[in-house]
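Here the structure comes first, spelled out in structure tokens, and everything after it is commentary.
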Amino acid sequence: MKKLELKFLNKDGKTVTYSLEKPIEPVDPEAVKAAMDEVITQNAFTSSGGDIVEKKSARVVDRTVEDIDIS
């Protein structure tokens, strides 16, 4: 399953990650940057280290799980 991870810095300078499942692909970098700017502008989230104050990075993570038959 693919996830879009948005990484921000909070007031304490620590990384805060928000994950969104099933991102629209291909991912539009400009739309991601605009959405992250809006999160900061609207003070939409907070963390134990204070408000989100800066964008750090964004990435798409693809995790594949394969069950192994052990019977």
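The values are calculated or read from the model by the stated rules, or taken from the named source; none is laboratory data. Keep in mind that this is a model prediction, so the values were computed, not measured. Glycine gets a Cβ as well: all are built from the backbone with ideal geometry, and neighbour counts include every protein chain shown.
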Which one of these is part of a loop (DSSP other than H, G, I, E, B) and of a type in the set (A, V, I, L, M): 40, 24? 24
Considering region 33-48 alone, what residues qualify as being surrounded by 14 or more Cβ atoms within 10 Å (Cβ to Cβ) and modelled with pLDDT of 95 or more? 35, 36, 39, 40
Being more than 12 Å from residue 6 (Cα to Cα) and in a strand (DSSP E or B) is the filter here; which residues of region 43-64 pass it? 46, 47, 50, 51, 53, 62
Scope region 25-43; condition free of Cβ contacts under 8 Å to residues at least 24 places away in the same chain and either on the phi > 0 side of the Ramachandran plot or among the hydrophobic types (A, V, I, L, M, F, W, C) (or both); matching residues: 31, 34, 43
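Residue by residue, here is whether (1) modelled with pLDDT of 95 or more; (2) touching a helix residue (DSSP H, G or I) at 6+ places or on another chain (Cβ under 8 Å); (3) part of a loop (DSSP other than H, G, I, E, B) holds:
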position: 6; (1), (2), (3): yes, yes, no
position: 13; (1), (2), (3): yes, no, yes
position: 20; (1), (2), (3): yes, no, no
position: 31; (1), (2), (3): yes, no, no
position: 66; (1), (2), (3): no, no, yes
Pairs only if they're at least six apart or on different chains, beta carbon under 9 angstrom, first in region 1-24 and farther than 12 Å from residue 48 by Cα, second aliphatic (A, V, I, L, M) and in a loop (DSSP other than H, G, I, E, B); list them, first residue then second. 1/65; 4/24; 4/27; 21/1; 22/1
